[in-house]
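A.B. asks: Take this structure first; my questions come after.
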Amino acid sequence: MVGKARTSNYETKTTPMDDDIEWYASCVLDATGALQQRANEIRNEMVNWMSYKQSNMISQEDYNFIIAFDKARDKKSRDVILENQASQCSKTFLSLLGHISKDQTLQYILIMIDDMLQEDKSRVELFKPTKHSKKKSDSQWTPFISLLNRQDGFITNMTSRIIAKLACWGKELMDGSDLNFYLTWLKDQLRQPNNEYIQSVVRCMQMMLRIDEYRLAFVAVDGISKLVTVLAGKGNYQIQYQLIFCIWVMTFNVNLAEKMNKFNVIPILSDILSECPKEKVTRIILATLKNMIEKPEETSISRDNAIAMVQCKVLKQLDILQSRRFDDPDITEDLEFLTQTLQTSVQDLSSFDEYSTEVKSGRLEWSPVHNSEKFWRENTPRLNEKNYELLKILIYILQNSKDSLVLSVAAHDIGEYVRHYPRGKHIIEGLGGKQQVMHLLSHDDPNVRYQALLCVQKLMVHNWEYLGKQLEKETGQAIPAKG
């Protein structure tokens, strides 16, 4: 298999944003990134091709081509060589990659290939397998895939750049096991602590995720959650920009735009919007948030996303940004759209909408609804909706959150649900909530223990007398019994 024909690309708006990824490739990322800096050093380390010829590691044909191509120092000279020896080009480079194992020489060869492709995108077609070839090993990217297993970080990351260019600039799409392996490799590189080539890794993701088929494959290898986890880690603003760019291009796919906030994207983008002063980061965040409202076909999802933005204080940040002067018309346009949309959402926001959004964000605080008797009396049955979605989130929070305030509020809410809903006790027990609340009785924070004890009281009313005494001992307060 040599891959299927490209059927779609990323939708975007007609603005300078269209060319960001190419502009950064040629002007900023490639010039300042660790990979390119190291490449500049390696270019000055000449290879003794004659020694490889004399040891019979390369053929006379390969030697003649590589000597001529290595001496050609500008595009015009290389064009002349490739015009006459197009078929020999890929044959020689792939032969060298397959027969030479020395790291320094492989580094030099990969730079030659990458420079050649960067100089002219159409040259990716030189590596296209012949039409009569049926072997999987004859695909244009498979010879490079094996190099991703090398130990040398420069070799693997320069290879990754070449694979991305072949996969994105050619007439055929990468697919199957090669695509799965490559996207998994990219995702795994995000996990590497202190990865000096992280900028290049995300750059490859930016290229790949502009194409819809690759987006879907990336989701299939659980790429979004890893990308969001890294983004939440508060990296430098350049990496933040690149990662958010990846999210932005994915939101042009309607299905992904509808699912995106399940990965907690909105709270993270809200935090970065409030913390990072860089205009290009602001610009890409606003464009992403706008897509998450505009692109979903389900009106309810767009509404939920807008409410989530309100809950995460995005409207407040928009007000601050409105006072700044931006030369970029995209920022102004997106600011106006988001401000108007979120203000409308605030007007239509019910107390349960507010509560639901807060729970889904995982950022619980003592907002008025939690302590409103009227709210619990009127809305408790709604926590059963969508197969107990909100209850399951509260229980998940009890199990996984490290924030004492969040734990306290979650335990309180489960207790209020049990107190106001006749079958609440049995439902919470069935969902595993009782076990999680009991576990919090030994929490280090006294406020968490206090709310956990109150919740247990409501779960086990017949043991309240005992628990009340224990609670008084913990807090030094007399707790009135509740019927």
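The values are calculated or read from the model by the stated rules, or taken from the named source; none is laboratory data. This is a predicted model, so every value here is computed, not measured. Cβ coordinates were reconstructed from backbone atoms using ideal geometry, including for glycine residues, and neighbour counts include every protein chain displayed. When the accessible area is computed, the model is the full protein with side chains, heavy atoms only, and any ligands, DNA or RNA have been set aside. Shrake-Rupley method; radii C 1.70, N 1.55, O 1.52, S 1.80 Å.
Okay, residues lined up against (1) of a type in the set (Phe, Trp, Tyr); (2) more than 28 Å from the chain's Cα centre (by Cα):
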site: Ile397; (1), (2): no, no
site: Lys402; (1), (2): no, no
site: His412; (1), (2): no, yes
site: Tyr417; (1), (2): yes, yes
site: Lys425; (1), (2): no, yes
site: Ile428; (1), (2): no, yes
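A.B. asks: Looking only at segment 38-66, filter to residues that are charged (D, E, K, R) and more than 21 Å from Arg78 (Cβ to Cβ); which one of those is farthest from the chain's Cα centre (by Cα)? Spell out how you get there, then give the answer.
C.D. replies: In the first step, residues of segment 38-66 are kept if they are charged (D, E, K, R); the result is 38, 41, 43, 45, 53, 61-62.
Now drop any that are not more than 21 Å from Arg78 (Cβ to Cβ), which leaves 38, 41, 53.
Numbers: Arg38: 27, Glu41: 32, Lys53: 46 Å.
For segment 38-66, the residue satisfying everything is Lys53.
A.B. asks: Now for a different question. Do we have Leu441 as surrounded by 18 or more Cβ atoms within 10 Å (Cβ to Cβ) and aliphatic (A, V, I, L, M) here? First the steps, then the outcome.
C.D. replies: Details: surrounded by 18 or more Cβ atoms within 10 Å (Cβ to Cβ): no; aliphatic (A, V, I, L, M): yes.
So Leu441 does not fit the description; no.
A.B. asks: Against the definition (β-branched (Val, Ile, Thr), touching a helix residue (DSSP H, G or I) at 6+ places or on another chain (Cβ under 7 Å) and part of a helix (DSSP H, G or I)), how does Val249 come out, yes or no?
C.D. replies: Values: β-branched (Val, Ile, Thr): yes; touching a helix residue (DSSP H, G or I) at 6+ places or on another chain (Cβ under 7 Å): no; part of a helix (DSSP H, G or I): yes.
It is false that Val249 is β-branched (Val, Ile, Thr), touching a helix residue (DSSP H, G or I) at 6+ places or on another chain (Cβ under 7 Å) and part of a helix (DSSP H, G or I).
A.B. asks: Additional query: Would you mind finding the one in Lys392, Lys434 that is surrounded by 12 or more Cβ atoms within 10 Å (Cβ to Cβ), at negative phi, modelled with pLDDT of 95 or more and among the basic types (Lys, Arg)?
C.D. replies: On the way: Lys434 fails: modelled with pLDDT of 95 or more.
Residue meeting the stated conditions: Lys392.
A.B. asks: Taking segment 321-335 on its own, how many of its residues are among the aromatic types (Phe, Trp, Tyr) and open to solvent by 30 Å² or more (accessible area, probe 1.4 Å)? Break it down stepwise before answering.
C.D. replies: Residues of segment 321-335 that are among the aromatic types (Phe, Trp, Tyr), as a first pass: 326.
With the extra rule that they be open to solvent by 30 Å² or more (accessible area, probe 1.4 Å), the set shrinks to none.
Qualifying residue count, segment 321-335: 0.
A.B. asks: Could you pull out the residue among Phe326, Phe375, Phe337 that is hydrophobic (A, V, I, L, M, F, W, C) and assigned to a loop (DSSP other than H, G, I, E, B)?
C.D. replies: None of the others qualify; the one that does is Phe326.
A.B. asks: Cβ contacts < 6 Å: first residue among the basic types (Lys, Arg), restricted to segment 176-205; second residue open to solvent by 40 Å² or more (accessible area, probe 1.4 Å), any location; separation 6+ or different chain. Result?
C.D. replies: Lys187/Lys226
A.B. asks: Here's a follow-up. I want to confirm something. Restricting to segment 361-372 and keeping residues that are on the phi < 0 side of the Ramachandran plot and not in a helix (DSSP H, G or I), which single residue is farthest from the chain's Cα centre (by Cα)? Quick ask: steps written out before the conclusion?
C.D. replies: Initially, segment 361-372 is screened for residues on the phi < 0 side of the Ramachandran plot, giving 361, 363-372.
Within this subset, residues satisfying the condition of being not in a helix (DSSP H, G or I) are 363-367, 372.
Values: Arg363: 20, Leu364: 24, Glu365: 27, Trp366: 30, Ser367: 30, Ser372: 37 Å.
So, considering only residues that are on the phi < 0 side of the Ramachandran plot and not in a helix (DSSP H, G or I), the one farthest from the chain's Cα centre (by Cα) is Ser372.
A.B. asks: Pairs under 6 Å by beta carbon, first residue on the phi > 0 side of the Ramachandran plot in segment 111-131, partner surrounded by fewer than 15 Cβ atoms within 10 Å (Cβ to Cβ) and assigned to a helix (DSSP H, G or I), six or more apart or different chains?
C.D. replies: none
A.B. asks: Right, here's the next one. Return the residues of segment 406-431 that are farther than 19 Å from Phe375 by Cβ, open to solvent by 60 Å² or more (accessible area, probe 1.4 Å) and assigned to a helix (DSSP H, G or I); say none if nothing qualifies.
C.D. replies: Answer for segment 406-431, where residues must be farther than 19 Å from Phe375 by Cβ, open to solvent by 60 Å² or more (accessible area, probe 1.4 Å) and assigned to a helix (DSSP H, G or I): Lys425, His426, Glu429, Gly430.
A.B. asks: Another one. If you go through segment 343-360, how many residues are farther than 22 Å from Phe263 by Cβ, among the small types (Gly, Ala, Ser) and part of a helix (DSSP H, G or I)?
C.D. replies: Final tally of qualifying residues: 1.
A.B. asks: On the basis of being in a helix (DSSP H, G or I) and either of a type in the set (Val, Ile, Thr) or over 16 Å from Phe144 (Cβ atoms) (or both), does Asn64 make the cut? Can you show your working first?
C.D. replies: Working: in a helix (DSSP H, G or I): yes; either of a type in the set (Val, Ile, Thr) or over 16 Å from Phe144 (Cβ atoms) (or both): yes.
Criteria met by Asn64.
A.B. asks: Right, another one. Every residue in segment 229-255 that is among the aliphatic types (A, V, I, L, M) and open to solvent by less than 10 Å² (accessible area, probe 1.4 Å), please. Give the steps one after another, and end with the answer.
C.D. replies: From segment 229-255, those among the aliphatic types (A, V, I, L, M) are 230-232, 239, 243-244, 247, 249-250, 254; that's our starting set.
Result: Leu231, Leu243, Ile244, Ile247, Val249, Met250.
A.B. asks: Going through Leu209, Leu126, Leu173, Leu186 one at a time, which residue ends up being over 25 Å from Arg38 (Cα atoms) and modelled with pLDDT of 95 or more?
C.D. replies: Working: Leu126 fails: modelled with pLDDT of 95 or more; Leu173 fails: modelled with pLDDT of 95 or more; Leu186 fails: over 25 Å from Arg38 (Cα atoms).
The match here is Leu209.
A.B. asks: May I ask you to say which residue of Leu440, Leu471 is modelled with pLDDT under 60 and either closer than 20 Å to Leu405 by Cα or out of contact with any strand residue (DSSP E or B) (no Cβ under 8 Å at 6 or more places or on another chain) (or both)?
C.D. replies: Working: Leu440 fails: modelled with pLDDT under 60.
Leu471 is the lone residue from the list that is modelled with pLDDT under 60 and either closer than 20 Å to Leu405 by Cα or out of contact with any strand residue (DSSP E or B) (no Cβ under 8 Å at 6 or more places or on another chain) (or both).
A.B. asks: Could you say whether any residue in segment 443-462 is at pLDDT 95 or above and small (Gly, Ala, Ser)?
C.D. replies: yes
A.B. asks: Separate question: May I ask you to say which residue of Glu11, Glu119 is under 30 Å from Trp248 (Cα atoms), open to solvent by 50 Å² or more (accessible area, probe 1.4 Å), under 33 Å from the mean Cα position of the chain (by Cα) and modelled with pLDDT under 90?
C.D. replies: Numbers: Glu119 fails: modelled with pLDDT under 90.
Only one candidate passes the filter, namely Glu11.
A.B. asks: Now for a separate question. Working only within segment 374-425, note down all residues that are among the basic types (Lys, Arg) and free of Cβ contacts under 8 Å to residues at least 24 places away in the same chain. It would help to see each step written out before you state the result.
C.D. replies: The initial filter retains those residues of segment 374-425 that are among the basic types (Lys, Arg), namely 374, 377, 382, 386, 392, 402, 419, 423, 425.
Residues satisfying the conditions are Lys374, Lys386, Lys402, Arg423.
A.B. asks: Exactly one condition in (1) outside any helix (DSSP H, G or I); (2) buried (at least 19 other Cβ atoms within 10 Å of the Cβ) is false for Ile109; which is it?
C.D. replies: Among (1) outside any helix (DSSP H, G or I); (2) buried (at least 19 other Cβ atoms within 10 Å of the Cβ), the lone unmet condition for Ile109 is (1).
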